[in-house]
Structure formats: C-alpha cells, structure tokens
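Asks: Below are the structure tokens for one structure; questions will follow.
The values are calculated or read from the model by the stated rules, or taken from the named source; none is laboratory data. Since the structure is predicted, the reported quantities are computational estimates derived from the model, not experimental observations. Here the Cβ positions follow ideal geometry from the backbone for every residue, glycine too, while neighbour counts run over all protein chains shown.
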Amino acid sequence: MHGRVKVRTTEEEKARKEKERQEKLKLFKHAMHKIQIKRKSGELDKELLEITGKVLTSNPDIYTLWNIRREILIGFSKTVEPEEDMSKLYDDELYLTEHCLKINPKSYCAWHQREWVLLTRPDPDWKKELALCNTYLKLDERNFHTWDYRRFVVGQCKPPLNEEFDFTTEKLFDNFSNYSAWHYRSKMLVALYPDLEGGRPIEDEHHKHELKMVESAAFTDPDDTSAWFYQRWLLGAVKTIVAPVVCVISPTKTTVAFNKHVSVEFVDQKTFIIINNLPALGKWISCSGKKYDLLWMYKHDVVVADNLEVKVEFIKDNDEKLIVHCHKHKNSYIGKNEIDFQLKYSKPVIEELQKQLDSCRQLLELEPDSKWTMLTTTFLLHCLDAKRHHKEVIEKLQALKTIDSMRAGYYSDLITKWSIEEQLADDYQNEKDSLVIRFNEKIAYLPHLQYYSFCEKVDLSNQSLTSNKMQSLIMLQHCKKLNLENNQLTTLKDFPKLDLVELNLRGNNLLDEEEVKKFMDMHNYTILY
C-alpha cells in the first residue's frame, strides 16, 4: 500500500542487524590491523591519531588505543611548534573524551585520559572542568566516576571547601539516594568542622546537624541504603585513643597487645618495658609479621626472675604517661589496662541520638520488619549504652537474621563481636586467667583475641570456627592448652606457630587424617584427635 512504512518481519530484522554487525566488525578489524602496523613501524603521526579516534568513538574502553594516543601526544610535545598548535591537539583530545563520555559516562579509560591531558598540558582550565562536572552531575547525579573526577579537579584548583560542601547539600536535596555525595560530604565535614577542643573528628554542633539531616533522608525512604550507611559512619565518628591493653613479661617471651593496629615505629617511640626502674633494651617484632599489628613481641636480654618490679610506660598523644603495672602470675608478670568499648559522644550528640532512637522505635511499631530501621535501632542502642542495652541488642540481631537471612552471617559476627566485648569487661574485672566462650551464639570468627594473649588456657570448643580463621590464633602467644574440639576445621595448613603443650582437635571430622598425622609429626606437643 502506498504511503505506509513497510514493517520488517523478525527474520528480516535479524538478518539486517547481523549484516550491519558484520560490516562494523570488518571495519573495526581493518582499523585495528592498520593501527598495529603503524605502531610497530613507529609511525606515531596524525593519521594514527585520526584512526584511533574513530575506533574510540565507537568503543571508548579500548585502553590500548588511549595508550597509543598518549605516546603520540608525548612525541608531538617535543617537536610541535608553536605552543598554540600543541594546545589545539590537547583541546582536540579533551573534545574526544567528552564525545566518548557521552557514549559511556562510566568509561574508566576516557576519564583517565582526560586527567592525563590536564596534568600534561601547561595551561589547564580547571574552572572549566569544574563546570563540566556540574553539567555531568545534572545529567546523572549518582555517577561515581564524575564524583571521582570532581575530587581530582578540586584537588588541583582548590576551591573553597565550604562551596563544595554546599554543593553536596544541593545534590542530596535533589536526591538523597546518592552514595557518592554522602561519601564526598564525609571527607569535607572532617576537614571543615573538626573539634579543636575535644579532639573529636567532628565539632559537636555539626555532628548533631549531620545526624538530623541524615535522619530526614533515612525516614524519607527507609528502604534506601545510602543515608543509613552515612549515619553508620557518623555514629563511628568519635574520638578513639590508641593504648596498650595487656602486657606479659615471661622468662621466654614478652608481649604487649594494643586496642588498635599500630606500626613498629609507633610502638618503639611510645612503649617502654621498665624492669626495676630501668628500661629494658631490645627490639619490637610484629606477631603476625605485618607492618601494622595488634600484638608486638619484645626481644630483650633481661632475665625475668622473681621479685622484680615490672611496668609498661606508654606515651599518650598529649605526652602524658600511661603506666600499666605488671603483677606476678605463676612464672610471668601480667599487666592489664582498663578496657572500655563504649563510644564517647558529647552531650548534644547523645541527646540527638536518643531522639533518633525514639523515632526508630515509633517507625518499627508501624513497620516491624523494616530491616534498616531495626538495624539502626540496634546500633543506636549499642552506641548509647552497650552494657545496659546488651540483651535487647542481641535479640534484635537475632530477629534480623530471620528478616534478612541473606546477611545472617553479618549479624552473627556482630553478635560475636559485641558479646565478646561484654564478656571481656567481666573477665578483666574478675581477673579471669583463661578464655572460655560463655554466651550462647556459636562464634565463627575471633575478634579482640589480642586481649586474651596472656591466657595459658583457651577453650574454643563447640563453636563454628573454620580453617580460614586459624591465622587469628597467632595472638595466643602465651597459650599452653588450646581446645578446638567440635568445630568445622577442614585443614591445618594455616595453623600458626604457638608454644603449646596440648591441642585438642577432636570432633573436627572434616580434617584429613593423613594431614593430621603429618601435623603431629611436625610438632612436639600433645595433639588430641
């Protein structure tokens, strides 16, 4: 019929598309072949720039072609005169990256090429680049490539931080569901509003203000994760103090455990073993062999005997001395610092957290299965008073394992971590000299194990420990009897070197008998299997 567009049949359409694909593939292969020949022959000229440019406009993610273009431009920069001609080449390259980013705004290669050009040319226009970021973020405010590039540009032209901070506010009010904006905001928040008096990461009033803002975002859409994650970061943005937690000076081994990972330089400058009022000279060695460690061994030549006065001096950030006195226990001297896992907030922040807890409880009454609301409630309870709310916190985490079963392992790990913290306070207060798990949840990993580095007896039986957690046992440098009965071990290849007297491996039925026999032959302590 005249005047009507003919509608192709499915087979005709498939055939047409296949023909187009074959033609494009033929052109692509021809272009790539010519590019390879010219590069091998050293013909790094404008023709090669033109060919690679045509290919990249169809597929911006062939990083080899961008490498070739950089080779060409570097060569031109040494020969091209005058400077205006080279500037034109750089401008053309920027235009090409813009064109490629319109095709694929998330092309790592195109973004990298743009950065290279601007760092290479002598006359970059950083204000123009910042304006370009604004344009791209209007098109897609969540493109993390653009946000990364913006941070790069800001690092070069250094606009006022408060302007960038206001920019994130604007973007977040456009769309709260913007991980990149929240992340960028967190970096500037610490830089703009540090707590100069209290030493906290964020000044109290701004900390409180951010909590209010993120609450609005989270309650606008309780199922969106970005605001909840930012709130989690805000809850952790408190002052943390690095300190030794337990020290053991024995005739065979001296160790000091810390609450945070520290470097050998840190330990060497701040930690001193004092025996009979004289510093013991020696060398610090990482327990796990890493640059940063939780447990450090001190190699010294002082003979550890009876009737010694032993202490550890630690220089705090304010240059005050923290003294940990060590008391005789069997053949060793053991000193324990006071431990406190409770996060410390200012009064205004605590008041705001309490308000948000009340709001979360109200929302849970309306939506009892809202996992993000329940998880946030759990964190707020823990942050406000972990000891007082411990039972409720564990109950909510158990409920979350049912509501959000895909992340049951994460919730189990939180139960383990917070239950260990609860038990640690009791163990230290009551002078327990061994480790026995005393809560119902079976543990699958070993947090805070350095706190128990002084124990000679460690009972981890009837848990859910697997072989990939065995390296953590390196913290038990003074352990003599280790019970791993009835766990889920499958191999002993990562079992650390410990000065044990007895190791119980009974009930680990997935272990290979031949491997266990070889393990027994290699070690001179009793192994029960």
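Quick grid of which residues meet (1) more than 19 Å from ASN143 (Cβ to Cβ); (2) among the hydroxyl-bearing types (Ser, Thr, Tyr):
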site	(1), (2)
ILE74	yes, no
LYS88	yes, no
HIS112	no, no
THR120	yes, yes
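Asks: Let me ask another. Given the residues VAL349, VAL304, which is the only one that is closer than 26 Å to LEU473 by Cβ, hydrophobic (A, V, I, L, M, F, W, C) and modelled with pLDDT under 95?
Replies: On inspection, the qualifying residue turns out to be VAL304.
Asks: Among the residues of region 209-231, which ones are in contact with a Leu (Cβ under 9 Å, 6 or more places away or on another chain) and charged (D, E, K, R)?
Replies: Scanning region 209-231 gives a single hit, GLU210.
Asks: Turning to a different aspect of this structure: Would you please name the residue that is farthest from ASP433 (Cα to Cα), looking only at residues in region 231-252 that are among the hydroxyl-bearing types (Ser, Thr, Tyr) and modelled with pLDDT of 90 or more?
Replies: THR252
Asks: Now, a different point. Residues ILE285, ILE315: which one is over 24 Å from LEU473 (Cβ atoms), surrounded by fewer than 18 Cβ atoms within 10 Å (Cβ to Cβ) and of a type in the set (A, V, I, L, M)?
Replies: Within the list ILE285, ILE315, the selection yields ILE315.
Asks: Output yes when any residue across region 232-245 is within 14 Å of TYR298 (Cβ to Cβ) and either of a type outside the set (Lys, Arg) or not in a helix (DSSP H, G or I) (or both), and no when none is.
Replies: yes
Asks: Can you say whether GLY289 is under 28 Å from LYS432 (Cβ atoms) and not β-branched (Val, Ile, Thr), as far as the supplied structure shows?
Replies: no
Asks: Okay, moving on. For LEU139, indicate whether it is exposed (fewer than 14 other Cβ atoms within 10 Å of the Cβ) and not assigned by TED's automatic domain parsing to the domain that holds THR52.
Replies: Considered against the rule, which asks whether it is exposed (fewer than 14 other Cβ atoms within 10 Å of the Cβ) and not assigned by TED's automatic domain parsing to the domain that holds THR52, LEU139 comes out as yes.
A quick yes/no check of all residues on (1) under 30 Å from GLU431 (Cα atoms); (2) of a type in the set (A, V, I, L, M); (3) under 25 Å from the mean Cα position of the chain (by Cα):
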residue	(1), (2), (3)
VAL214	no, yes, yes
SER226	no, no, yes
GLN231	no, no, yes
VAL238	yes, yes, yes
THR252	yes, no, no
SER263	yes, no, yes
CYS287	yes, no, yes
TYR292	yes, no, yes
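Asks: Kindly indicate which of THR526, THR491 is out of contact with any Phe, Trp or Tyr (no Cβ under 8 Å at 6 or more places or on another chain), modelled with pLDDT of 95 or more and within 23 Å of LYS442 (Cα to Cα).
Replies: Testing whether each residue is out of contact with any Phe, Trp or Tyr (no Cβ under 8 Å at 6 or more places or on another chain), modelled with pLDDT of 95 or more and within 23 Å of LYS442 (Cα to Cα) leaves just THR491.
Let's see how each residue does on (1) farther than 25 Å from PHE152 by Cβ; (2) surrounded by fewer than 18 Cβ atoms within 10 Å (Cβ to Cβ):
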{"residue": "ASP45", "(1), (2)": "yes, yes"}
{"residue": "ILE68", "(1), (2)": "no, no"}
{"residue": "ILE72", "(1), (2)": "no, no"}
{"residue": "PHE76", "(1), (2)": "no, yes"}
{"residue": "GLU83", "(1), (2)": "no, yes"}
{"residue": "TYR95", "(1), (2)": "no, yes"}
{"residue": "PRO105", "(1), (2)": "no, yes"}
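Asks: So ASN462 fits all but one of (1) over 25 Å from the mean Cα position of the chain (by Cα); (2) not assigned by TED's automatic domain parsing to the domain that holds VAL501; what number is the exception?
Replies: All conditions are met except number (2).
Asks: Tell me yes or no: at least one residue of region 223-242 is over 30 Å from ARG361 (Cβ atoms) and surrounded by 14 or more Cβ atoms within 10 Å (Cβ to Cβ).
Replies: yes
Asks: When region 191-204 is examined, which residues are found to be at pLDDT below 90 and assigned to a helix (DSSP H, G or I)?
Replies: Of everything in region 191-204, just one residue is at pLDDT below 90 and assigned to a helix (DSSP H, G or I), namely ASP204.
Asks: Could you tell me which residue of region 330-355 is surrounded by the most Cβ atoms within 10 Å (Cβ to Cβ), considering only residues that are touching an Asp or Glu at 6+ places or on another chain (Cβ under 7 Å) and not aromatic (Phe, Trp, Tyr)?
Replies: VAL349
Asks: Here's something else I'd like to know. Would region 6-17 turn up any residue that is touching a Leu at 6+ places or on another chain (Cβ under 6 Å) and either part of a helix (DSSP H, G or I) or under 19 Å from SER107 (Cβ atoms) (or both)?
Replies: Checked region 6-17: no residue is touching a Leu at 6+ places or on another chain (Cβ under 6 Å) and either part of a helix (DSSP H, G or I) or under 19 Å from SER107 (Cβ atoms) (or both).
Let's see how each residue does on (1) in contact with a strand residue (DSSP E or B) (Cβ under 8 Å, 6 or more places away or on another chain); (2) of a type in the set (Val, Ile, Thr); (3) modelled with pLDDT of 95 or more; (4) on the phi < 0 side of the Ramachandran plot:
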site	(1), (2), (3), (4)
ILE443	no, yes, yes, yes
HIS448	no, no, yes, no
SER464	yes, no, yes, yes
LYS481	yes, no, yes, yes
LEU484	yes, no, yes, yes
LEU505	yes, no, yes, yes
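For (1) more than 26 Å from the chain's Cα centre (by Cα); (2) crowded, with 20+ Cβ neighbours inside 10 Å; (3) closer than 30 Å to VAL303 by Cβ; (4) at pLDDT below 90, each residue gets a yes or a no:
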site	(1), (2), (3), (4)
LYS321	yes, no, yes, no
CYS326	yes, yes, yes, no
LEU357	yes, no, no, no
GLU365	yes, no, no, no
THR376	no, yes, no, no
